[in-house]
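As structure tokens, the structure follows; a few thoughts come after it.
The values are calculated or read from the model by the stated rules, or taken from the named source; none is laboratory data. Note that the structure is predicted; figures quoted are calculated from it, not measured. Ideal geometry is used to build each Cβ from the backbone, glycine not excepted, and the neighbour counts take in all protein chains shown.
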Ligand SMILES: [Zn+2]
């Protein structure tokens, strides 16, 4: 009984005597506004908004600032796959002000996608994913220019699109496409942000052919180990895609703005069942058919 009495009452009754803990967003507007008081920040964004206002929380960051935001506005990102990973990537890159998004996905929206593919809605079932995503992006940020391809991007066209992009985000779901994207990135010298998620596990890495020490996707997986398991057979927990896709979006923004240290030569892996992150070092593989000769 004494032990009960000495334990923290807040832990046992979180809702009773500490409403602030349960409702951080309700009565603490200051959390989102660290000492900044720009006009319009508390009003509705809309017809009269300025670009500065929309990106105010980015511009405040020392690593982004107005220069970084201008770089984002001038950037072109190729996003391959508009499924569970591509959804948050597309939405965050759009809201963050990446100037041009090139979307590639030849699939259409199915009911079983909606559990995790949050760029699409119930009314989009049966539509091309690129069309559905384009509408969501326009709603989030009409300043973003969107180009889309609702067919499989391959061969010379893949190479050309990869070459035109500042960053390529691999959000696809099969090894064949992943290998093709990796090879195209290496041929054109375009950085690649790679992510994958299945069941309760995800992983992310960045491969940057502009850096002599950077491994590539083929250093991580060779043909023999590429036994693609589709998540249609094994399942995946919905918000895991949001976590992994958000990390991919963050790495993309870092590559464009030059902020921080990208995930080059490192693979971060998440086990969401235990909420455990691990970081693995990845080196260039000797004799890698894609990157070893560089
Ligand atoms: Zn390699």
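Residues in the stretch 256-294 that are within 16 Å of the ligand (Cβ to nearest atom), surrounded by fewer than 12 Cβ atoms within 10 Å (Cβ to Cβ), in a loop (DSSP other than H, G, I, E, B) and on the phi < 0 side of the Ramachandran plot: 3 in all. Inside the stretch 122-141, can you point out the residues that are over 19 Å from the mean Cα position of the chain (by Cα) and loosely packed, with under 15 Cβ neighbours inside 10 Å? Of everything in the stretch 122-141, those that are over 19 Å from the mean Cα position of the chain (by Cα) and loosely packed, with under 15 Cβ neighbours inside 10 Å turn out to be 122, 123, 126. Screening residue 220 against (1) away from the ligand (no atom under 16 Å from the Cβ); (2) more than 21 Å from residue 92 (Cα to Cα); (3) crowded, with 19+ Cβ neighbours inside 10 Å leaves a single unmet condition, (1).
Checking each residue in the stretch 175-185 for being within 15 Å of residue 219 (Cβ to Cβ), touching a residue at least 60 places away in the same chain (Cβ under 8 Å) and either away from the ligand (no atom under 16 Å from the Cβ) or crowded, with 23+ Cβ neighbours inside 10 Å (or both) picks out 181, 182.
Kindly provide the set of residues from the stretch 155-174 that are at pLDDT 95 or above and surrounded by fewer than 17 Cβ atoms within 10 Å (Cβ to Cβ), ordered by number. The answer is 155, 156, 157, 160, 163, 164. Scanning the stretch 136-164 for residues that are within 22 Å of residue 188 (Cα to Cα) and in a loop (DSSP other than H, G, I, E, B) yields 151, 152, 153, 154. Residue count for the stretch 81-90 satisfying the condition of being outside any loop (DSSP other than H, G, I, E, B) and touching a helix residue (DSSP H, G or I) at 6+ places or on another chain (Cβ under 6 Å): 3.
For residue 215, indicate whether it is within 11 Å of the ligand (Cβ to nearest atom), buried (at least 24 other Cβ atoms within 10 Å of the Cβ), in contact (Cβ under 8 Å) with a residue 40 or more places away in the chain and part of a loop (DSSP other than H, G, I, E, B). Taking the combined requirement at face value, the residue satisfies it. Looking across the stretch 114-134 at every residue that is touching a strand residue (DSSP E or B) at 6+ places or on another chain (Cβ under 7 Å) and in a loop (DSSP other than H, G, I, E, B), the one that is nearest to residue 172 (Cα to Cα) is identified as 116. Residue 103 meets the stated requirement of being in contact (Cβ under 8 Å) with a residue 24 or more places away in the chain, closer than 15 Å to residue 131 by Cα and not in a loop (DSSP other than H, G, I, E, B).
Conditions tested, residue by residue: (1) within 21 Å of residue 86 (Cα to Cα); (2) at pLDDT below 95; (3) under 17 Å from the mean Cα position of the chain (by Cα).
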position: 185; (1), (2), (3): yes, no, no
position: 193; (1), (2), (3): yes, no, yes
position: 198; (1), (2), (3): yes, no, yes
position: 205; (1), (2), (3): yes, no, yes
position: 211; (1), (2), (3): no, no, no
position: 241; (1), (2), (3): yes, no, yes
position: 257; (1), (2), (3): yes, no, yes
position: 262; (1), (2), (3): yes, no, yes
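Looking at this structure, is residue 229 surrounded by fewer than 17 Cβ atoms within 10 Å (Cβ to Cβ), more than 15 Å from the ligand (Cβ to nearest atom), on the phi < 0 side of the Ramachandran plot and at pLDDT below 95? For residue 229, the condition - surrounded by fewer than 17 Cβ atoms within 10 Å (Cβ to Cβ), more than 15 Å from the ligand (Cβ to nearest atom), on the phi < 0 side of the Ramachandran plot and at pLDDT below 95 - is met. Scan the stretch 179-191 and give yes if some residue there is touching a strand residue (DSSP E or B) at 6+ places or on another chain (Cβ under 9 Å), within 15 Å of residue 269 (Cβ to Cβ) and outside any helix (DSSP H, G or I), otherwise no. Checked the stretch 179-191: no residue is touching a strand residue (DSSP E or B) at 6+ places or on another chain (Cβ under 9 Å), within 15 Å of residue 269 (Cβ to Cβ) and outside any helix (DSSP H, G or I).
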